[in-house]
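The values are calculated or read from the model by the stated rules, or taken from the named source; none is laboratory data. Predicted model only: the values in this text are computed from it and were never measured. Every residue, glycine as well, gets a Cβ built from its backbone with ideal geometry; the counts of neighbours run over all protein chains shown.
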């Protein structure tokens, strides 16, 4: 048994906690960076609150968000941070599935798999 990592409930909980903290802090830092960049470039432009203008179409799809973020556009970076924030609980469920499988707790593997399917269907169905 030397060299073979053993999984326990405590290790899975610690891993999930670390994953959630890292995801939230990283996404907050990215959103902050994007907001600072956006304000540096557009902070003094006048705003017309009488007309609602939603996000442009390129910022409504993952490919467009990544392209805008790579181009160092503030709104694209903000959207990328929000995508990461949305992806964090999905990654938590995926990590839980692997953790439960390593513990051979197949009942919870099934429950977590159902939750993952519901999350993915919800995310794909909203577009």
- Message: One residue is enough: does region 80-92 have a residue meeting the conditions surrounded by 14 or more Cβ atoms within 10 Å (Cβ to Cβ) and at pLDDT below 90?
- Response: no
- Query: So which residues in region 3-21 are in contact with a helix residue (DSSP H, G or I) (Cβ under 7 Å, 6 or more places away or on another chain) and either more than 17 Å from residue 94 (Cβ to Cβ) or not in a helix (DSSP H, G or I) (or both), if there are any at all?
  - Reply: 7
- Message: I'd like the full set of residues that are surrounded by 14 or more Cβ atoms within 10 Å (Cβ to Cβ) and within 30 Å of residue 100 (Cα to Cα), limited to region 25-48.
- Response: 26, 27
- Message: I'd like to know if region 86-103 contains one or more residues that are more than 18 Å from the chain's Cα centre (by Cα) and closer than 20 Å to residue 21 by Cβ.
- Response: yes
